[in-house]
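A short worksheet on the structure shown next.
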């Protein structure tokens, strides 16, 4: 598999049902075993009964993928080092491309230039998104507190 390939999984109804059952089983396992060590052993139930040992972080990613699949959500997996175009970044943040360019030029989001094109590392875009979500959460809490202080019924 090419490591720069974007993997997109669109679950079928059958995938959703299987994922839902898997989430139920894995969450039970998770509650009982997550404190034990940094590796997880999985057994393949087939003719060979192969045992696979994976890092706990991969197991947790697998749980997350199955949870999204059980909800019928498509999943996209990209290497963290992936560089995005301004259009791709805009689509990920649900904003316009000119807005992304303003954020880049103002220094809000780091970028590199490849020829005349701007490229944004996925990690940098995710960091920006997290900062933005924290700001939004803080603003919501502040508004809720003001509403309570003013007895507005919120």
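The values are calculated or read from the model by the stated rules, or taken from the named source; none is laboratory data. Please read these numbers as outputs of a predicted model, since none were measured by experiment. Positions of Cβ are backbone-derived with ideal geometry, glycine not excepted, and every protein chain shown enters the neighbour counts.
What to note about this one:
- Identity of the residue in segment 78-91, assigned to a helix (DSSP H, G or I) and touching a helix residue (DSSP H, G or I) at 6+ places or on another chain (Cβ under 6 Å), that ends up nearest to residue 127 (Cα to Cα): 89
- Scanning segment 68-99 for residues that are free of Cβ contacts under 8 Å to residues at least 60 places away in the same chain and under 30 Å from residue 23 (Cα atoms) gives 68, 70, 71, 80, 81, 91, 92, 93, 94.
- Flag for residue 53 being closer than 20 Å to residue 23 by Cβ and loosely packed, with under 15 Cβ neighbours inside 10 Å: no
- Taking the criterion of being surrounded by 13 or more Cβ atoms within 10 Å (Cβ to Cβ) and within 22 Å of residue 28 (Cα to Cα), the residues of segment 59-80 that qualify are 59, 60, 61, 62, 63, 65, 66, 67, 68, 69, 70, 72.
- Summed over segment 100-134, the residues that are in contact (Cβ under 8 Å) with a residue 12 or more places away in the chain and at positive phi give a count of 0.
- Check on residue 74, modelled with pLDDT of 85 or more and touching a strand residue (DSSP E or B) at 6+ places or on another chain (Cβ under 9 Å): yes
- Residue 63 passes every criterion in (1) touching a strand residue (DSSP E or B) at 6+ places or on another chain (Cβ under 8 Å); (2) not in a strand (DSSP E or B) apart from (1).
- Of all the listed residues (47, 135, 102), the sole one being surrounded by fewer than 16 Cβ atoms within 10 Å (Cβ to Cβ), in the same structural domain as residue 25 (by TED's automatic domain parsing) and more than 25 Å from residue 20 (Cβ to Cβ) is 47.
- Selected residue (only one of 153, 107 is surrounded by fewer than 13 Cβ atoms within 10 Å (Cβ to Cβ), part of a loop (DSSP other than H, G, I, E, B) and modelled with pLDDT of 95 or more): 107
- The combined condition, being surrounded by fewer than 11 Cβ atoms within 10 Å (Cβ to Cβ) and part of a strand (DSSP E or B), is not fulfilled by residue 142.
- Qualifying residue in segment 23-43 (condition: touching a helix residue (DSSP H, G or I) at 6+ places or on another chain (Cβ under 7 Å), at pLDDT 90 or above and farther than 30 Å from residue 83 by Cβ): no
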